[in-house]
């Protein structure tokens, strides 16, 4: 499977990264099998978070067994020093590892949050301290719905080495600053910042719960995903062709194998095909940034 430089971290990430929230829906044996499948495909980048239920615990056994083969991104939604330090130590304990390769300030939504994070007693101080101690190797940022906030964060967090954000043809087809992830991609490329794309497979918001039978919501994702191999291939191809370092798999285990297959088959997507996808899907309702949950 192809790899791309994760900014200037020195790590080359596979063009697909595993969104380990999928492990939360599996028993331990199934979780082990899914991680083994990733390794068979050659995936070397895993993204996990303490908010993903038991995903850290279920990732732990295979992660420890294959530690040298897997670059691990983890996250905190804590905004102040004490909370971030505590959450980092808990993640290290649950994963059962000595260090985390990439630790990300997760889900920035407001300027006030960014202000708190960057204060002397903010979460970044804890992460930088952990980096100095060898508990964290690299620092990243994630935001689910505000390109302008990512720019502001990159202005203020000069040691951020990666950014994570949504990217798909529905978002790309929208006009307005709240959808301008192309500008984020351009800036990241100029500044040597790694880029991780989420929501590549989002089709749209689910209909309201009272209008939807459980059988009509078969995926453990908060948005409705595309679910056929051809559509998954298209969506992966589009995201990868935008220049992202890595495209993160969706949160439902049944979709992961399809995405791995799409990533292995990927050999580029021409501009006409990209434009066609944007033209076809750009008028659809986007689940990003209306809902700011991962």
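Things to note:
- Structure-derived Cα extents along the principal axes in Å: which label, when the choices are [x] 68, 53, 32; [y] 49, 44, 42; [z] 63, 43, 35: [y]
- Volume per residue of the C-alpha convex hull in region 152-263, rounded to whole Å³: 122 Å³
- Within the listed set 118, 142, 162, the Gaussian network model of the chain (springs between alpha-carbon atoms below 10 Å) gives the highest mean-square fluctuation for 118.
- Label-reachable residues, region 168-192, where backbone N falls under 15 Å from a point 7 Å from residue 284's Cα toward its Cβ: 168-174
- A crude spin-label estimate for the pair residue 182 and residue 209, with each label 7 Å from Cα along the Cβ direction, gives 3.8 nm.
- Cα centroid separation, region 3-58 to region 254-280 (Å): 20 Å
- Note on residue 89 and residue 189: their simple-model spin labels are 4.3 nm apart, each label 7 Å out from Cα toward Cβ.
Rule-based calculations on the coordinates, nothing more; no lab input. These figures come from a predicted structure and were not determined experimentally. Here Cβ is always computed from backbone atoms with ideal geometry, including for glycine, and neighbour counts include all displayed protein chains.
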